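The values are calculated or read from the model by the stated rules, or taken from the named source; none is laboratory data. Note that the structure is predicted; figures quoted are calculated from it, not measured. Cβ placement follows ideal geometry from the backbone for every residue including glycine, while neighbour counts extend to all protein chains displayed.
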Amino acid sequence: MVGKVGAVAGAAAAVGTDIAAKGAGELAFQAQIAQLTAVSLEATQRSVTMRTVTTELGSIKKVADERVQ
């Protein structure tokens with residue numbers, strides 16, 4: 001009887017540990033997703049800035065080329 005109680009308690013502890021590990025894994029996953037979202041947003045902002053600068057420089061070059069002709 002004591003062996004069965006110990007086995008049940010051990011199984012319950014294992015299940016509790018498994019649930020805690022899954023919870024910790026879920027939190028880690030959510031943190032990674034949040035970090036990925038932040039990095040993606042930053043990359044998008046840089047891309048927009050680069051396109052804006054490239055367009056402005058292209059316009060300046062075009063005006064300068066027209067003045068030379």
Inset, instruction - Just one of (1) under 34 Å from the mean Cα position of the chain (by Cα); (2) surrounded by fewer than 10 Cβ atoms within 10 Å (Cβ to Cβ) trips up residue 65, so point out which. - result: (1)
Legend entry - Residue check for residue 26: among the charged types (D, E, K, R), surrounded by 10 or more Cβ atoms within 10 Å (Cβ to Cβ) and part of a helix (DSSP H, G or I): yes
Legend entry - Of the criteria (1) surrounded by fewer than 10 Cβ atoms within 10 Å (Cβ to Cβ); (2) at pLDDT 90 or above, which one residue 31 fails: (1)
